[in-house]
1. Return the calculated 222 nm mean residue ellipticity for the chain, to the nearest 500 deg cm²/dmol, obtained by summing -39500 (n - 2.57) across DSSP H runs with n ≥ 4 and dividing by the residue count.
2. What does the charge dipole of the chain about its Cα centre add up to, to the nearest 20 debye, if the Cβ of each Lys and Arg holds +1 and the Cβ of each Asp and Glu holds -1?
3. Of the listed values (i) 91; (ii) 197; (iii) 225, identify the label whose number matches volume of the Cα convex hull per residue in Å³ calculated from this model.
4. If you build a Gaussian network model of the chain, linking Cα atoms that sit under 10 Å apart, which residue out of ARG71, ARG48, ARG33 swings the most?
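Every read-out reported here was derived from the displayed coordinates using simple, explicitly stated rules and does not represent laboratory data. Quantities reported herein were computed from a predicted structural model and do not represent experimental measurements. As a convention, Cβ positions derive from the backbone with ideal geometry for all residues, glycine included, and neighbour counts pool all protein chains shown.
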Amino acid sequence: MSATLVCAVWDRFPGGGSELSVLQAIAFHANERGSCYVPIASLAKTARVSPSTVSRVLKALRRERWIATDRIMGQGGTLIFQINIPKVLGSERSGLMQ
């Protein structure tokens, strides 16, 4: 868990509701570099929303560039999440942290 990211999301994310809950859940599962892989069901449980809500919110978060995702192969496939560190921390740089 990255306490820095969890706090930054809480302080800087302009939205609320399900979007904030899901981004908080991703930050909770992320490492200090903002990366994590966690099943949708686990995100839903952490965010206290349904899996379908998580899927809908992930599309919005990707569209608004708060996160990027990549899918790896495996049983059911697993999403890898990357939080846009500069955006979450309020940096003027654009793009994702490497």
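1. That comes out to -14500 deg cm²/dmol.
2. 240 debye
3. Matching entry in (i) 91; (ii) 197; (iii) 225: (i).
4. ARG71
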